[in-house]
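A.B. asks: Mind having a look at this structure? Questions to follow.
The values are calculated or read from the model by the stated rules, or taken from the named source; none is laboratory data. These numbers were taken from a predicted model, which means no experiment stands behind them. No Cβ is skipped: glycine too gets one built from the backbone with ideal geometry, and neighbour counts run over all protein chains shown. Heads up: the accessible areas ignore ligands, DNA and RNA and are worked out on the full protein's heavy atoms, side chains in. Shrake-Rupley method; radii C 1.70, N 1.55, O 1.52, S 1.80 Å.
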Amino acid sequence: MKTGLVLEGGGMRGLFSAGAIDVLMEHQIDFDGAIGVSAGAAFGCNYKSQQPGRAIRYNMKYAKDPRYCSFRSLMKTGDLFGADFCYHTLPKTLDIFDAETFRQNPMAFYVVCTDIETGEAVYHQCDEADDACFEWFRASASMPLVSKAVEVEGRRMLDGGIVDSIPLRYFEKIGYDKNLVILTQPEGYCKKKNSAMPLIRMGLRQYPKTVEAMKHRHEKYNETLAYIKEREHAGTVMVLRPPYPLPIGRIEHRPERMQQVYCCGRNVALQALEQIKAFLK
């Protein structure tokens, strides 16, 4: 039996997941593999590098740094989250990512991106924390309209959440039998049709298949939630989710709000710790 960890994205709501996985790391809970989408990839990679506390630390420290996330960065570079700063300067010099531990840790780590030419999901296993790997992380977290497409291995890609926000089915398909799924929306959440579709149609008019995927994203997301519920009842999935709508958006510059969401994730994981251990056993 292979155990998996599935991490939803959601921009800065991902700090809830960061808090939860920090607790799991601190209690030496291991998985055979993990898969992250968008913020789930950008923050979840710290599980494989075994660096609890890193995601909340650098997010709070650089929350108001225009190099990290700002409209100035968007106007200057085409990326709301500064690509060079976030995926090269920060992990290499400011809050160093433990590339050696990442490489040696036997836990497989996957990211999900969207190929904007085909409008289909791309699943990639990251084994080395090198420049190419960080480009995969960046592609997975590159939100439409506020990010440039990222070219990786000949493909033009954006946020994996466009087509597979919660990649449980993929993980089951490749052999992960028991999965802990960390969501960033509370019980009963139902995604609504994207009100920004007119802007999306204009901004991504060269990529009609991706526009079509975004048009139906809410339907696929809600269907996936129903599937997760089925797998919960079957005993092959356990879910951690916030107990209330998180008071944070995809973008956040207030460190205190980041800390609040992170602590919510920690509290949920701590309360469920014995249940998680029993489930994985």
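A.B. asks: Between Tyr110, Tyr189, Tyr68, where does the largest GNM mean-square fluctuation fall for the chain, given springs only between Cα atoms within less than 10 Å?
C.D. replies: Sorting by GNM fluctuation, first place goes to Tyr189.
A.B. asks: What accessible area per residue comes out for the chain, rounded to a whole number of Å², with a 1.4 Å probe?
C.D. replies: Spelled out: the 1.4 Å probe surface of the chain, per residue, equals 44 Å².
A.B. asks: Sticking with this structure for a sec: How much FRET efficiency would the formula 1/(1 + (r/R0)^6) give for Asp177 and Arg72, where r is the Cβ-Cβ distance and R0 is 45 Å, rounded to 0.05?
C.D. replies: Rounded to the nearest 0.05, the efficiency is 0.45.
A.B. asks: From the helices alone, meaning DSSP H stretches of at least four residues, give me the mean residue ellipticity at 222 nm for the chain, per-run term -39500 (n - 2.57), in deg cm²/dmol to the nearest 500.
C.D. replies: After summing the helix terms and dividing by residue count, I get -12500 deg cm²/dmol.
A.B. asks: Where the centroid of each part is defined by its Cα atoms, how far is segment 72-131 from segment 160-211 in Å?
C.D. replies: Using only Cα atoms to place each centre, the spacing works out to 19 Å.
A.B. asks: Out of residues 5 or more away from Val122 or on other chains, whose amide H comes under 5 Å of its own, with H placed 1.01 Å from N in the peptide plane?
C.D. replies: Cys113, Thr114, Asp115
A.B. asks: Tell me which of Asn46, Met60, Gly78 sits at the most positive position along the dipole axis of segment 21-91, charges placed on C-beta atoms (Lys, Arg +1; Asp, Glu -1).
C.D. replies: Positive-end residue among those listed: Gly78.
A.B. asks: Within segment 20-88, what whole-number % of the accessible surface is contributed by carbon and sulfur, with the 1.4 Å probe and all protein chains included in the calculation?
C.D. replies: 55 percent
A.B. asks: Of the accessible area of segment 105-183, with the probe set at 1.4 angstrom, what percent is carbon plus sulfur?
C.D. replies: 43 percent
A.B. asks: Sticking with the crude label model, points 7 Å out along Cα→Cβ, report the distance from Gln259 to Ala278 in nm, one decimal please.
C.D. replies: 3.5 nm
A.B. asks: Place a label point 7 angstrom from the Cα of Gln271 along the Cα-to-Cβ direction, then list the residues of segment 213-247 whose backbone nitrogen is under 18 Å away.
C.D. replies: 238-247
A.B. asks: Quick one: give the max-minus-min coordinate of the C-alpha atoms of segment 133-244 along each principal axis, largest first, in Å.
C.D. replies: Principal-axis extents of segment 133-244 (Cα, largest first): 43, 32, 23 Å.
A.B. asks: Now for a different question. Using mean Cβ contacts within 10 Å as the protection proxy, how do 152-163, 194-205, 13-24 order, highest first?
C.D. replies: 13-24, 152-163, 194-205
A.B. asks: Rounded to the nearest 5, what is the percent of antiparallel bridges among the DSSP beta bridges in segment 1-137?
C.D. replies: 45 percent
A.B. asks: Sticking with this structure for a sec: Quick check: from the Cα gyration tensor, does segment 1-81 come out rounded (a/c under 1.5), prolate or oblate?
C.D. replies: prolate
A.B. asks: Any idea what diffusion coefficient the chain gets from Stokes-Einstein, in µm²/s, Kirkwood Rh on alpha carbon pairs, 10 °C, 1.306 mPa s?
C.D. replies: 85 µm²/s
A.B. asks: What part of the accessible area of segment 196-240, given as a whole %, is carbon or sulfur when the probe is 1.4 angstrom?
C.D. replies: On segment 196-240, the fraction of accessible area on carbon and sulfur atoms equals 56 percent.
A.B. asks: For Lys61 and His233, what is the calculated FRET efficiency with R₀ set at 41 Å and r taken between the beta-carbons, to the nearest 0.05?
C.D. replies: After rounding to 0.05, the efficiency reads 0.45.
A.B. asks: Let me ask another. Where Rh denotes the Kirkwood radius from the mean inverse Cα pair distance, what is Rg over Rh for segment 182-281?
C.D. replies: Ratio value, two decimals: 1.06.
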